[in-house]
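Pasting a structure here, questions to come.
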Amino acid sequence: MISKTLFLLASALAIMCWARLLLQWGKLPFLHPLAQFCVHSTNWLIRPLRRITPPLGQWDTACILATIIIYYLATALSLFTTFTWIQPDGRIIAASLLFSILFSLKALCYALFIGLVIQMFLSLCKPYSVLLLTLHRIYMPLTRPFAFLRIGKYDFSATVVLIVLWLCLEWWLPQATNKISYWLISG
């Protein structure tokens, strides 16, 4: 129960960090309420990490590092509270790092998935909002290869991206997690 709650909180914070990164990259105005929410909810972690990691072009690497740190701590705490007999060694540290990277990718998939759903909703009810323009900037590189799926005013190119994200969340990431778990247990 504690482990599930810990990972739920870690996932919520990691999704917020990814949302912050994506909205900054999409150039959402800083005074927009969603941008303010992302900044205020993650600033306590991102601001100190910016001293360590400089941005790479338009990408805020502190947000990426924050998600990995969040999940590393959650994984390590979960392992040591669930399995009290485990001694920290190189294999446990490596597995925790691999788990944290996979969970961080999972949070990115969720952030992208949520953003696509919001984009679809806004395109129907508020077609001229600033957030919709920002989301178009974020998803244009992902949907451009599927531009042939635009039929008149209807755009189905995001559907392919949603399917790929769903496959990552439901198939690839669980498979990778199971392989790391097996490697950890079998050693």
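None of the figures in this text is laboratory data; all of them are computed from the coordinates on show. Everything numeric here is computed off the predicted structure, so don't read it as measured data. All Cβ positions, glycine included, derive from the backbone under ideal geometry; neighbour counts span all protein chains shown.
Just to confirm my numbers, what's the Cα centroid distance between region 74-140 and region 5-66 in Å?
Measuring centre to centre over Cα atoms gives 12 Å.
Can you pull out the chymotrypsin sites (Phe, Trp or Tyr not before Pro) in region 145-187 whose DSSP state is coil and whose Cβ has at most 13 other Cβ atoms within 10 Å?
Phe156
Here is a follow-up. Taking all pairs of different Cα atoms in the chain, averaging 1/r and flipping that mean, what Kirkwood radius in angstroms comes out?
Radius from the Kirkwood sum: 18.1 Å.
While we're on this one: If we count every other residue with Cβ under 14 angstrom of Ile114's Cβ, Lys/Arg +1 and Asp/Glu -1, where does the sum land?
My count for the surroundings of Ile114 gives +2.
Okay, moving on. Considering only DSSP states other than H, G, I, E and B, which chymotrypsin sites (Phe, Trp or Tyr not before Pro) in region 63-117 qualify as loop sites with at most 14 other Cβ atoms within 10 Å?
Sites meeting the loop and neighbour criteria: Phe83, Trp85.
Another question about this same structure. Pop the C-beta distance of Trp183 and Val130 into the FRET formula with R0 = 45 Å and round what comes out to the nearest 0.05.
For R0 = 45 Å, the calculated efficiency reads 0.45.
Using 7 Å Cα-to-Cβ label points, what is the Leu9/Thr61 separation (nm, one decimal)?
Roughly 3.0 nm, to one decimal.
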